[in-house]
Amino acid sequence: MTIYSSEGFTIRELGCKVYATPGFWDYSVAKIENPIQKRHYFRTADEYFKHIIAKIKEDILRNVPDLRYVNIQLHAFDSSNTMHRLILTVAQMLQYMMRIREHINLSRLACIIITYNDIPIFIEGASLQGI
């Protein structure tokens, strides 16, 4: 969720560790751990994208044993994609848990999916609204 002004914008970052199992049509969320909510201020879109890249490098890529087995995908939100629906489901659960009243706008959402040996290890929805 993004709040804009003429001098920059604020991003509300929601995150957690999700345990989910794939089903026939959707993933079933079994458990959510360590929900977080942070606010970040950025003056430009470049700062925002650098933040996302740095987070992926520090939190994910530095912790995998072999980078050859990493696959990074970037998609526009597609409601027929199972992984994208998982992002939506978890976002709605976090919204309820943290009592956030703002609407999550999916029309300008970029989905970042990182897999290791074809197993999802990182899934994020990054807002591109207003950028």
Residues of the range 23-34 classified as surrounded by 11 or more Cβ atoms within 10 Å (Cβ to Cβ) and in contact with a strand residue (DSSP E or B) (Cβ under 8 Å, 6 or more places away or on another chain), total: 4
Residue that is farthest from Glu7 (Cα to Cα) [pool: residues in the range 40-61 that are among the basic types (Lys, Arg) and part of a helix (DSSP H, G or I)]: Lys57
Members of the range 101-122 found to be within 23 Å of Ala30 (Cβ to Cβ) and either touching a residue at least 60 places away in the same chain (Cβ under 8 Å) or hydroxyl-bearing (Ser, Thr, Tyr) (or both), listed by number: Ile104, Ile112, Thr115, Tyr116, Ile121, Phe122
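Does Met98 count as closer than 24 Å to Ile119 by Cα and either touching a residue at least 40 places away in the same chain (Cβ under 8 Å) or surrounded by 11 or more Cβ atoms within 10 Å (Cβ to Cβ) (or both)?
Numbers: closer than 24 Å to Ile119 by Cα: no; either touching a residue at least 40 places away in the same chain (Cβ under 8 Å) or surrounded by 11 or more Cβ atoms within 10 Å (Cβ to Cβ) (or both): yes.
No; evaluated as a whole, the condition is false for this residue.
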Unmet criterion (only one of (1) exposed (fewer than 14 other Cβ atoms within 10 Å of the Cβ); (2) at pLDDT 90 or above; (3) outside any strand (DSSP E or B)) for Gln37: (3)
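Would you check if Asp59 is under 19 Å from Gly125 (Cβ atoms) and charged (D, E, K, R)?
yes
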Checklist (1) under 15 Å from Leu128 (Cβ atoms); (2) touching a Cys at 6+ places or on another chain (Cβ under 7 Å) applied to Asn34, failing item: (1)
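The values are calculated or read from the model by the stated rules, or taken from the named source; none is laboratory data. Quantities reported herein were computed from a predicted structural model and do not represent experimental measurements. Cβ atoms come from the backbone with ideal geometry, glycine included; neighbour counts cover every protein chain shown.
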